[in-house]
Each structure stands twice: as C-alpha cells, then as structure tokens.
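A.B. asks: Mind looking over this structure? Questions follow.
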Amino acid sequence: MRHNAKQERLTALNTGIDQLLEGYPEATVAISLIDPSSAFSFNVNENRIFHAASLMKVPVMIEVVKLISTNTLSFDEKIPVTNRFRSVVDQSFYSIGDDSDEITYKELGESLSIRELILRMITVSSNIATNILIDVIDIASLSQTLRGLNVKHSTVLRGVEDLKAFEAGLNNTITSSDMALIFHALLKGEVISRKYDDVMIDVLLGQKLNEMIPAGLPPGTAIAHKTGEITEIHHDAGIIYPSHGTPFVLVILIEGIAQKIKSAQLGKELSKLVYRLIRP
C-alpha cells in the first residue's frame, strides 16, 4: 500500500471512530485490525486489558485441538457430561448457573464427543461445554501455547463461573492486539498447522451469535468469529472473508455499556465503518 493511501486510510478510520464514539461516552473501546494482503494494521487501545468473557473459549479450543494434533486426545473421544467443577482456588466444587446453552444440561450423565463439545463451546458459547473441556487440558500448558503465539497480556486462569477465583482476582483477560494475533495466526495456518487451523476456522464459521461484527458486514459475508458478553462487556473477534478481496482480521472489545442492544449497535457501526474503508 502506498504511503499516502495508508495515511488516508488511517486518518479516515481515526476520524470515523472518534465520531462514532461521541455517541457512546460511557464506552471504553479497543480495536485491532490486520489486513495481510496490504500489510495494513490499525489499533485503538490495543494493549488495554479487558475481562475476556467468552473470548477465552478460543484459547481453550486451541489447546484442546493441540492435544488432538499430538494424538493425546481425539475428536471422537467421549467425555461425561457433568455440571460439577473444582475451583482453582481451593478445589471446592461449584456448578454453572447461567448459560446460553440449554441443550447440554438435558444430557447430564451422558457422554459427548470432544468434537461436539468444541462446537457447542464456540457456536453457542456453551459455558458447561467449556468447563468440561478445561478439565481435560492443562491450564499451564495453555499459557505456554499462548506465549508461543507471542500473546503478551491475555490469560486463561480459570473456568466459567468460578466465583471463588473471581473474588480472589483470578480473571481471564484479553487485549485486542493479542486476539488479533491469534486470529491472524489461524488465518495463516500457524497456530498448530494448516490442517488443524482449518478445522478451528470451520468451527468459528458456524458461530450462531452474530449481533456485532457480522451485523455490520454486507449480507452473506462469511466470518469465522467468537463473541464474548457479560455485564457491561461485549466483544467480537474473527476473520472476515469478503466477497471481493482477501480475508482480514478484526477485533472489537467494548466495556462500559450496560444495555446489550446498545453495545451490539456500537459493534455493528464500528464493523460497518471498518469494512467500508478496508474493502470499499
């Protein structure tokens, strides 16, 4: 990309985002964009640390698939469905009480394949599937995997709804720059291998929660992505596959907006602005 064209794009992005955010004074926003085909990148608050919410499920998926790639686990291996998990603080038991996944709770006592648990963890953001999978990996190894991807600030320390860990300040964290690195590595086939990264991308393409980034894209635009949402937190991150042009990575992290509809609207508007300027 020519220097002048790059500068014009940066100016347009900064101006457009500043104007958008004037309508959301309560919001703290981080954005990271990587467009590999033009070697163009763009960041806002990229190293600001946010509560990860359900974006932590992407590193969990990566660690599970990494174990599958070394034949330690298999996609077809069956895992018992339970709603009884140990806190990382004192090993006491707790259960999931709030979840976007209703189906898995009807299967307590049965077994599901790791493949199905990954699908539910990502596509419907199942908390119970996430904790079941966390129990079959090593959190310390997951941390090493993230560092191997040059992830600097993001951490996965505990399962979902481990309230004792939360009260002890043990929270899963992310930055937009770290999430962009992860999705860029997936796009390049450099997380595990082209074969296994494509498997994870296929899972992410099946995402059912599409109120943020996808809502701002032209109809029919494919996106391999994951969302995250808790009180006053609303995130979306993934790889966008335009109908014309090459794929690019976009991460939007939002904190401070209490109404989910309003934070989703901001995410949609940011996505629309970025797409218009990156793939005019």
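A.B. asks: Looking at Ser54, Ser41, Ser37, which one is modelled with pLDDT under 95, within 23 Å of the chain's Cα centre (by Cα) and not β-branched (Val, Ile, Thr)?
C.D. replies: Ser37
A.B. asks: Of the residues Ile223, Ile230, only one is aliphatic (A, V, I, L, M), touching a helix residue (DSSP H, G or I) at 6+ places or on another chain (Cβ under 6 Å) and farther than 23 Å from Asn172 by Cα; which?
C.D. replies: Ile223
Okay, residues lined up against (1) crowded, with 20+ Cβ neighbours inside 10 Å; (2) within 17 Å of Met61 (Cα to Cα); (3) hydroxyl-bearing (Ser, Thr, Tyr):
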residue	(1), (2), (3)
Arg194	no, yes, no
Met200	yes, yes, no
Leu205	no, yes, no
Leu217	yes, no, no
Phe248	yes, no, no
Val251	yes, no, no
Ala258	no, no, no
Ser263	yes, no, yes
Leu270	yes, no, no
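A.B. asks: Since Glu116 meets every condition but one in (1) at pLDDT below 95; (2) touching a helix residue (DSSP H, G or I) at 6+ places or on another chain (Cβ under 9 Å), which condition does it not meet?
C.D. replies: (1)
A.B. asks: Okay, moving on. The conditions are (1) hydroxyl-bearing (Ser, Thr, Tyr); (2) more than 19 Å from Ile49 (Cβ to Cβ); (3) under 18 Å from the mean Cα position of the chain (by Cα), and Ser263 fails exactly one of them. Which is it?
C.D. replies: With respect to (1) hydroxyl-bearing (Ser, Thr, Tyr); (2) more than 19 Å from Ile49 (Cβ to Cβ); (3) under 18 Å from the mean Cα position of the chain (by Cα), Ser263 is out only on (2).
A.B. asks: Right, here's the next one. Across segment 90-117, which residue is surrounded by the fewest Cβ atoms within 10 Å (Cβ to Cβ) among those that are under 25 Å from the mean Cα position of the chain (by Cα) and more than 24 Å from Val203 (Cα to Cα)?
C.D. replies: The qualifying residue surrounded by the fewest Cβ atoms within 10 Å (Cβ to Cβ) is Gly97.
A.B. asks: Follow-up question, since we're still on this one. Restricting the first residue to segment 217-240 and requiring it to be within 16 Å of Ser126 (Cα to Cα), which pairs with a second residue that is modelled with pLDDT of 95 or more and surrounded by fewer than 20 Cβ atoms within 10 Å (Cβ to Cβ) meet a Cβ separation below 6 Å and a spacing of at least six or different chains?
C.D. replies: These pairs meet every condition: Thr227/Leu209.
A.B. asks: Return only the number of the condition from (1) in a loop (DSSP other than H, G, I, E, B); (2) under 25 Å from the mean Cα position of the chain (by Cα) that Gly23 does not satisfy.
C.D. replies: Here Gly23 meets the rest and fails (2).
A.B. asks: Select from segment 176-210 the residues that are part of a loop (DSSP other than H, G, I, E, B) and more than 14 Å from the chain's Cα centre (by Cα) and write down the one among them that is farthest from Ile257 (Cα to Cα). Break it down stepwise before answering.
C.D. replies: To start, the set of residues in segment 176-210 that are part of a loop (DSSP other than H, G, I, E, B) comprises 189-193, 206-210.
Next, only the ones that are more than 14 Å from the chain's Cα centre (by Cα) stay: 189-193.
Numbers: Gly189: 35, Glu190: 35, Val191: 33, Ile192: 36, Ser193: 38 Å.
Ranking the qualifying residues of segment 176-210, first place goes to Ser193.
A.B. asks: Taking the condition in a loop (DSSP other than H, G, I, E, B), under 24 Å from Lys78 (Cα atoms), modelled with pLDDT of 95 or more and not basic (Lys, Arg), does Val136 pass? Can you show your working first?
C.D. replies: On the way: in a loop (DSSP other than H, G, I, E, B): yes; under 24 Å from Lys78 (Cα atoms): yes; modelled with pLDDT of 95 or more: yes; not basic (Lys, Arg): yes.
For Val136, the condition - in a loop (DSSP other than H, G, I, E, B), under 24 Å from Lys78 (Cα atoms), modelled with pLDDT of 95 or more and not basic (Lys, Arg) - is met.
A.B. asks: Could you check segment 122-175 and list, in sequence order, the residues that are surrounded by fewer than 20 Cβ atoms within 10 Å (Cβ to Cβ), within 25 Å of Ile254 (Cβ to Cβ) and touching a Ser or Thr at 6+ places or on another chain (Cβ under 7 Å)?
C.D. replies: Val124, His153, Ala165, Thr173
Per-residue answers, yes or no, for (1) of a type in the set (A, V, I, L, M, F, W, C); (2) in a helix (DSSP H, G or I); (3) more than 15 Å from Gly159 (Cβ to Cβ):
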{"position": "Thr11", "(1), (2), (3)": "no, yes, yes"}
{"position": "Asn14", "(1), (2), (3)": "no, yes, yes"}
{"position": "Leu55", "(1), (2), (3)": "yes, yes, no"}
{"position": "Gln91", "(1), (2), (3)": "no, no, no"}
{"position": "Glu116", "(1), (2), (3)": "no, yes, yes"}
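A.B. asks: Hey, Val65 hits all of (1) assigned to a strand (DSSP E or B); (2) within 18 Å of the chain's Cα centre (by Cα) but one; which does it fall short on?
C.D. replies: (1)
A.B. asks: Among all residue pairs at least 6 apart or on different chains, which show Cβ distances below 8 Å where the first residue, located in segment 168-192, is free of Cβ contacts under 8 Å to residues at least 40 places away in the same chain and among the acidic types (Asp, Glu) and the second is part of a loop (DSSP other than H, G, I, E, B) and surrounded by fewer than 17 Cβ atoms within 10 Å (Cβ to Cβ)?
C.D. replies: Asp178/Lys152; Asp178/His153
A.B. asks: When you scan segment 59-75, do you find a residue that is closer than 17 Å to Ser177 by Cα and either in contact (Cβ under 8 Å) with a residue 40 or more places away in the chain or small (Gly, Ala, Ser) (or both), even just one?
C.D. replies: Checked segment 59-75: at least one residue is closer than 17 Å to Ser177 by Cα and either in contact (Cβ under 8 Å) with a residue 40 or more places away in the chain or small (Gly, Ala, Ser) (or both).
The values are calculated or read from the model by the stated rules, or taken from the named source; none is laboratory data. Keep in mind the model is a prediction, meaning the values are calculated, not measured. When we count neighbours, we look across all protein chains shown, and the Cβ atoms used for this are built from the backbone with ideal geometry, even at glycine.
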